[in-house]
Amino acid sequence: MAKKSSVKKGSGSKAEASKSSKAAASKSKSTAAKKRTTPAGKASGSRNVAPDVQIRRIDKELVDLLNQRSELTLALLQKQAVPREALFDPHADDELWSKLAELNRGPLPDSALRAVFREILSATKQRIKRQRVAYLGPLYSFTHFAALERFGGHADLVAVNTIASVFEEVNRGHTEFGIVPIENSTDGRIVDTLDMFQRLPLKICGELQIAVHHNLLSRSPRSEISEIYSKPQALSQCRDWLSRNMPHADLIEVTSTSTAAQLARDKPGAGAVASRQAALQYDLEIVADNIEDNPNNITRFAVIGDVETKPTGHDRTSILLQITHAPGSLSDALNAFKLNKVNLTWIESFPLRGPESGYLFFLDFEGHENDAKTKKTLNALEKKAVALRVLGSYPRSEPVDG
């Protein structure tokens, strides 16, 4: 009996030892797992690892993950019914920017993360089809920035000299899309853009709002600047600041802020009103920053093309409306917005072309043309209209810094 009891006791000791060994192994695995899931540099095991070694490891992981992100994005696009149409989805892009901002804990600014992901998307989309986009040039203008912001640097961006040329490039099929300014919060409507919608049958399929910040750039000290160059709109948006701070300088209009920056680079005593990007590209000093009179100076850009976007619940519709040239006709037509509770956000008028008397109206309002309220509004407008043309429904955008 004692021998048997001794055997049982020994077996119990072995079982306890086995349990203890398993617990220790489990704890060891748990500790290792925690170290693996702890951010680089935070785990106790990497406290003594040199920063350059950690950077090399992180760089490798980032490269692998970014390539995985690209491959998964490509697979997702190729699953769409018409992959080429899925390439332009401003709502999906804007949702991604919003998500990145929620995830970001710093110290990188949201704009830096957006730039990284924008180029991943841009490069991935080109593997399906090369996107060609015309924009009002030259390089480093605010319209160029808007084109980069929407399509990324891997798209084929084509600079042209006039707004009319942007429309012509798209209309002739030389490019799929175009980017043009449509309105500014300081100067109002961009007449050339609205005029081209009368001339050519193109649609608005997206928008961008850029917070435009102007800067005084030069290679000369501020006291030695005798001439300041820029395009008319930029000089207008800084008129008060320039009159108060640079009264001795002549203001000279040129075709673009980029042209102004080139002159400031090459001509002693010359300054330019232009962007920070222009300062970097043309090796200029920022003599004074954010000199715009309106700190909330925003330019809205339209993306033109023939893509129709689906309702998102946060859309804008643009139309051209011609009504009879008679007292009360405009008031009667606009009553459709009040009756259907649709928010009219912008209205501009233009004299009709040719001998006919009357006006053509450009209208923006909230909602998508496929929404029930918008359909009722458009039907009511059509009954009052001599002519009505829907220019497009597209997602509304939030301003981003230029």
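Structure above, values below:
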| quantity | calculated |
| --- | --- |
| The chain: antiparallel DSSP beta bridges as a percent of all, rounded to 5 | 75 percent |
| For VAL287, distant residues with modelled amide H under 5 Å away | LEU216, LEU217, SER218 |
| Region 60-117-region 168-246 distance, computed between alpha-carbon centres (Å) | 29 Å |
| Computed Kirkwood radius, in angstrom, where 1/r is averaged over Cα pairs of region 312-402 | 13.8 Å |
| Whole-percent pair-distance distribution, where bins are 10 Å wide, for the alpha carbons of region 169-296 | 13, 39, 27, 16, 5, 0 |
| Coarse-grained scattering of region 246-402 at q = 0.11, 0.13, 0.17 Å⁻¹, given as base-10 log I(q)/I(0) from a Debye sum over alpha-carbon atoms | -0.67, -0.79, -0.97 |
| Interatomic Cα distance distribution for region 86-213, bins of 5 angstrom, percent | 2, 10, 19, 22, 20, 14, 9, 3, 1, 0 |
| Entries in LYS60/LYS125; LYS310/LYS376; LYS60/LYS310 that, when Cα-Cα distance is taken, lie over 29 Å | LYS60/LYS310 |
| Percent carbon-and-sulfur accessible area, the chain, ignoring ligands, DNA and RNA, probe 1.4 Å | 52 percent |
| Max mean-square fluctuation residue, GNM over the chain, Cα-Cα springs under 10 Å, options SER122, SER141, SER220 | SER220 |
| Probe 1.4 Å, accessible area per residue of region 135-216, Å² | 33 Å² |
| Computed Kirkwood radius, in angstrom, where 1/r is averaged over Cα pairs of region 329-377 | 12.0 Å |
| Between helix 257-266 and the chain: long-axis angle, C-alpha atoms, 0 to 90°, nearest 10 | 80 degrees |
| log10 of Debye I(q)/I(0), alpha-carbon scatterers only, for the chain at 0.08 Å⁻¹ | -0.58 |
| Ranked by how many other beta carbons lie within 10 Å on average, peptides 146-152, 318-324, 395-401 from highest | 146-152, 318-324, 395-401 |
| Computed Rg/Rh of region 213-285, alpha carbon atoms with Kirkwood Rh | 0.91 |
| Dimensions (Å) - region 92-158, Cα atoms, principal axes, largest first | 36, 28, 16 |
| For region 161-239: Kirkwood Rh in Å [reciprocal of mean 1/r, alpha carbons] | 15.1 Å |
| Helix-only [θ]222 nm of the chain, DSSP H runs n ≥ 4, -39500 (n - 2.57) each, per residue, nearest 500 | -14000 deg cm²/dmol |
| Amide H contacts of THR345 (H built 1.01 Å from N, under 5 Å, at least 5 apart or other chain) | ASP364, PHE365, GLU366 |
| Cα pair distances of region 359-402 binned at 10 Å [whole percent] | 22, 49, 20, 8, 1 |
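The values are calculated or read from the model by the stated rules, or taken from the named source; none is laboratory data. Predicted, not measured: the structure shown is a model, and the values here were computed from it. Virtual Cβ from ideal backbone geometry, glycine too; neighbours counted across all protein chains shown. When the accessible area is computed, the model is the full protein with side chains, heavy atoms only, and any ligands, DNA or RNA have been set aside. Shrake-Rupley method; radii C 1.70, N 1.55, O 1.52, S 1.80 Å.
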